[in-house]
Amino acid sequence: MKVTLHVHYQTPNHVETFFQSQQLSISEAIIIAEDFIKSGRVKSLHFEDPYDTTLSLKELKQYLEKFKQDPHDITLYFDGGFDHTNGMAGLGIVIYYYQNNKCFRLRKNARVRELVSNNEAEYAALELAIRELEGMAIHHQDITIRGDAKVVINQLLGEWPCLDTVLNQWIDRIEARLEQCHLKPSYDVIGRKLNQEADRLASQALDETYIESMVEIENDPS
């Protein structure tokens, strides 16, 4: 989550003004606020989150401590593949996150019926990842979504039109889930090489090799 800092400032000559920062990470906002306070010229300050909630410095520090204990700094990768010979789809997802100053990687795949195209499999993989975030009780956060499905990501961004009724239904479901959890996504189109973990999981699902794991890792490679 990012916040804006609002400061009511007064000079030694009693000239007053108001400052509003750009969006800052919570840690950055606290550092800057404390620096303002050290000047001895702050009449008042507060923070606002993306949902227009007003927080004091004390409340923001309390939130930061709780935030560290919950999964945060989420980056997810998704990939879907469709086998036209048997009508099966393979879905693969990889989720990196931090919790209690440690980094974790979650991997999962699934094999599903009733899809009709590779693009639909890509959407289904992304929805699977978001459902996984729901299960982890992740909410009110910025998340990064990465995949090599250029069409899918550009349609989700609204930069490319989607004229397919079925795919539009997937878009609606994904956006509804994100909104329900108050998750603000940023989308990155990446090359297949950078998406090879999710791609491999989708292929393994098509081969009926199922993976579901969560491990601590040294660093988030994203």
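Every read-out reported here was derived from the displayed coordinates using simple, explicitly stated rules and does not represent laboratory data. Predicted, not measured: the structure shown is a model, and the values here were computed from it. Glycine also receives a Cβ, built like all others from the backbone with ideal geometry; neighbour counts cover every protein chain displayed.
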> With the dipole of the range 1-104 worked out from charges on the C-beta (+1 for Lys and Arg, -1 for Asp and Glu) around the Cα centre, which of Thr54, Phe78, Ile95 lies farthest toward the positive end?
Replying inline: Thr54
> Considering only DSSP states other than H, G, I, E and B, which GluC sites (Glu not before Pro) in the range 154-222 qualify as loop sites with at most 11 other Cβ atoms within 10 Å?
Replying inline: Glu159, Glu208, Glu218
>> Can you order the peptides 45-51, 91-97, 125-131 by their average number of other Cβ atoms within 10 Å per residue, highest first?
In response: 91-97, 125-131, 45-51
>> Given N residues in the range 7-66, what is its alpha carbon radius of gyration divided by 2.2 N^0.38 Å?
In response: 1.15
>> Charges at C-beta only: +1 for Lys and Arg, -1 for Asp and Glu. How large is the resulting dipole of the chain about its Cα centre, in Debye rounded to 20?
In response: 560
> Can you pull out the chymotrypsin sites (Phe, Trp or Tyr not before Pro) in the range 147-222 that DSSP calls coil and that have at most 13 other Cβ atoms within 10 Å?
Replying inline: Tyr210
>> Viscosity 0.692 mPa s, temperature 37 °C: give me the Stokes-Einstein translational D for the range 69-218 in µm²/s, with Rh taken as the Kirkwood radius over C-alpha pairs.
In response: 214
>> Two decimals, Cα atoms only, Kirkwood Rh: what is Rg/Rh over the range 1-42?
In response: 1.02
> How many nm is it between the label spots at Lys43 and Gln62, if each spot is 7 Å from the Cα in line with the beta carbon?
Replying inline: 2.7
> Hey, what D do you get for the range 96-141 in µm²/s if you plug the Kirkwood alpha-carbon radius into Stokes-Einstein at 25 °C and 0.890 mPa s?
Replying inline: 197
> After finding the eigenvalues of the alpha carbon gyration tensor for the range 53-111, what semi-axes result from the square roots of 5 times each, listed largest first in whole Å?
Replying inline: 38, 12, 6
> Can you give the translational diffusion coefficient of the range 1-139 in µm²/s, computed by Stokes-Einstein from the Kirkwood radius over Cα pairs at 25 °C and 0.890 mPa s?
Replying inline: 135
>> I'd like to verify something in the chain: which complete DSSP H helices, judged by Cα projection on the helix axis, reach 20 Å or more and average at least -1.0 on the Kyte-Doolittle scale?
In response: 118-135, 165-180
